[in-house]
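Colleague: Once you've had a glance at the structure underneath, I'll fire off some questions.
The values are calculated or read from the model by the stated rules, or taken from the named source; none is laboratory data. Here the structure is a predicted model, which is why all the values come from computation and not from measurement. All Cβ positions, glycine included, derive from the backbone under ideal geometry; neighbour counts span all protein chains shown. Ligands, DNA and RNA are stripped out before the accessible areas are found, and what is left, the full protein with its side chains, is counted by its heavy atoms. Shrake-Rupley method; radii C 1.70, N 1.55, O 1.52, S 1.80 Å.
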Amino acid sequence: MAFFQQIKDRLIEKTAPAVLNETVFRDYGEITSLEIDSVDKTIHFEALLRGEKEPIRVEILCYEIMKRDGRAFFVPKKVRTSREWITKLAGKELVDRPIPLPATFSGLLMRLL
């Protein structure tokens, strides 16, 4: 079973950045790399934020994917970044708050995760 989960994770790693860069991340910058471990419920990614010279590393150390009213939501449970102030901001503003996933992407995620 872990083998198939790894294949699913790699598929999402290849397709998600393009979708997220055109939707959720459009105003903030670009995701340049993405690693997912859906068994451990962790996500690591790097992004080049608008106006920044160096990429930021984001570690989502626990998450949930939930469905409500026919929509999929991503719920980060613990977040750490390479910028202390962004880690603190994420803890206050993102942790435990459902983030709606793009409709074109959420159906695939619900089936894969």
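Colleague: Report every pair of residues separated by at least 6 positions or lying on different chains whose Cβ atoms are under 7 Å apart, first residue within segment 1-29 and under 24 Å from R50 (Cβ atoms), second modelled with pLDDT of 90 or more and open to solvent by 80 Å² or more (accessible area, probe 1.4 Å).
Modeller: From residues that are under 24 Å from R50 (Cβ atoms), the pairs are E13/E35; N21/E30; Y28/R50; G29/R50.
Colleague: Would you check which residues across segment 1-28 are farther than 15 Å from P102 by Cβ and open to solvent by less than 40 Å² (accessible area, probe 1.4 Å) and list them?
Modeller: If the condition is that a residue be farther than 15 Å from P102 by Cβ and open to solvent by less than 40 Å² (accessible area, probe 1.4 Å), then Q5, D9, E13 are the ones that fit.
Colleague: Could you grab me the full set of residues in segment 20-61 that are among the β-branched types (V, I, T) and under 11 Å from the mean Cα position of the chain (by Cα)?
Modeller: V24, I31, I36, T42, I43, V58, I60
Colleague: If I31 satisfies all but one of (1) buried (at least 16 other Cβ atoms within 10 Å of the Cβ); (2) among the aliphatic types (A, V, I, L, M); (3) part of a loop (DSSP other than H, G, I, E, B), what's the number of the condition it fails?
Modeller: All conditions pass for I31, except number (3).
Colleague: Next up: Which count do you get for residues in segment 39-77 that are modelled with pLDDT of 95 or more, hydrophobic (A, V, I, L, M, F, W, C), open to solvent by 30 Å² or more (accessible area, probe 1.4 Å) and within 18 Å of V95 (Cβ to Cβ)?
Modeller: Residues in segment 39-77 being modelled with pLDDT of 95 or more, hydrophobic (A, V, I, L, M, F, W, C), open to solvent by 30 Å² or more (accessible area, probe 1.4 Å) and within 18 Å of V95 (Cβ to Cβ): 2 in total.
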